[in-house]
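To start, the structure itself, in structure tokens.
FYI, it's all coordinate maths here, none of it is from the lab. In this text the structure is predicted, and so the values were computed from the model without any measurement. All Cβ positions, even for glycine, are placed from backbone atoms using ideal geometry, and neighbour counts span all protein chains on display.
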Amino acid sequence: MKSTVEHIGPTRVKLTVEVPFDELKPDFDRAYKRIAQQVSIPGFRKGKAPARILDARLGRGVVLDEVLNSAVPAKYSEAVAAAEDVKPIGQPNIEVTELADGDKVAFTAEVDVRPQITLPALDGITVTVDDVEVTEEQVTEQLDQLRARFGTLTGVERAAAEDDFVQIDLSATVDGEEVEEAQTTGFSYQVGQGGLIEGIDEAITGLSAGEEKTFTSKLVAGDHADKDAEVTVKVTAVKERRLPEADDEFAQLASEFDTLDELVGDLRERLGRVRRMEQVSQARDKVLDEIVEAVEVPLPELIVEAEVESRHHDAVHAFDHSDEQFNEYLETQGKTREEFDTETKEEAEKSVKTRLVLDALADAEEVQVNDQELTERIVYQAQQYGMQPEEFVQRIQQANQLGAIYQDVRRSKALILAVREATVTDASGAAVDLSDLIGDDAAEDAEPEVLEVPAGEAEDTEVAEAAETGTETEPAAAKS
């Protein structure tokens, strides 16, 4: 096989491949075998008809098509593997240019490739993160939240106030007509939590058991969605949550500690760890921004287009893929479709650039991903989708999305290595040591949430769809 590479742009190449028929003998053997299994020819058992009979009965073209369908993609892969510095990041556009039966097959393949990227010196990057600060108010808030879990509801003879629990009856009318789906009795609600009906908290506050109030609110669902309704709420009971005393007895009830001081100390330590994890996230994001902003990256147009299309798909999905409904929604947000499209393209370009930079960084650092790391990421993502790891693996394999997760882990490890090389200080000017959270020598020591690096809308969407359906999707453009 002979192949040449022509760079037709900074992010696109054209491979010209010529394959002599001698190299295609295994492909012809497999093609004849598959075809023989699919047809019945008098005088021969199924699968036993010789090649010359198949050629005579079906035509040579059928066999050649079968050979090309299997051989051309394989030879394309061989040509890519043999080419230096050609790293495809999309699906090739293949065209057979010559088919001389018995002599040779020639084809061309145009494909987007990773551009050459010159990375900045990682040890020259300096970023600043927030100080780790845990206040007594924050510790007290955590303790109160824990006490609330063990609180009891007690009926009170007074007007409802914020944070009280009430039992209510609801009814609503639109233009004098009762709205059946808005009727309910004995509904339990915490005043101030929101999310029920706009205006209900204001209506309930100040009402005692047996009292009611009518107010106007816009319905958000059902046959009367977006219409003003007259809503009547009647309070039938008011209860307040009484918290247990914060003492040693409570500490023994709510935790493994014997004293309240030990429990409070543990809460303070946990809050400190949360703040330090926030430092890691800030350092990771800022280091990435510094690297991305420091390099010039020519962007593959088709890859950006795929990213834009994926973002548009996700945006209109909640509106039954109706552009008209989505445009109306944008108007309520004070934004035009043109502004949305412009922002989407800018975000897509940044996302593609970020992935290309991380891939270049992973190459420069010679990052490898072992089976344990891949398994840990799969388990982590399975938990995010609320699935068993075995089922998640089966679905992403069926959808050909395992490579996307592999690349995600590789990019994440590369970024952690960059954070380790960079200088990180806090807002007070002190050096920040993150080694206990991101590891000293290997990124596999890092916490799972630290390794979360956005893959891009196109890849995220495909992995999500694979998890939900298990059906095969087109490979994400930038995951190769």
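Overview of results
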{"read-out": "Per-bin percent of Cα-Cα distances, segment 152-242 [5 Å]", "value": "3, 15, 27, 24, 15, 9, 5, 2, 0"}
{"read-out": "Rg(Cα) / (2.2 N^0.38 Å) computed for segment 226-383, rounded to two decimals", "value": "1.70"}
{"read-out": "Beta bridges per DSSP with both ends in the chain, % antiparallel, nearest 5", "value": "95"}
{"read-out": "Listed peptides 392-405, 38-51, 62-75, 265-278 by packing density, highest first (mean Cβ within 10 Å)", "value": "392-405, 62-75, 265-278, 38-51"}
{"read-out": "Relative counts (whole %) of C-alpha pair distances in segment 2-112, using bins that are 10 Å wide", "value": "13, 40, 25, 15, 6, 1"}
{"read-out": "DSSP-assigned coil residues among trypsin sites (Lys or Arg not before Pro) in segment 168-241, each with at most 15 further Cβ atoms within 10 Å", "value": "Lys227"}
{"read-out": "Computed over segment 105-202, Cα set: Rg, Dmax in Å", "value": "29.2, 90"}
{"read-out": "Debye intensity ratio I(q)/I(0), log10, the chain, q values 0.06, 0.14 Å⁻¹ (C-alpha model)", "value": "-0.49, -1.38"}
{"read-out": "Convex hull per residue volume in Å³, alpha carbons only, for segment 266-469", "value": "178"}
{"read-out": "Largest to smallest principal axis extent of the C-alpha atoms in segment 241-313, angstrom", "value": "65, 31, 18"}
{"read-out": "Segment 342-448 - Kirkwood radius from inverse mean 1/r over Cα pairs (Å)", "value": "15.7"}
{"read-out": "Separation in nanometres of the label points that stand 7 Å from Cα toward Cβ, at Thr140 and Ile41", "value": "9.1"}
{"read-out": "Volume in Å³ per residue [convex hull over Cα atoms, computed for segment 356-408]", "value": "83"}
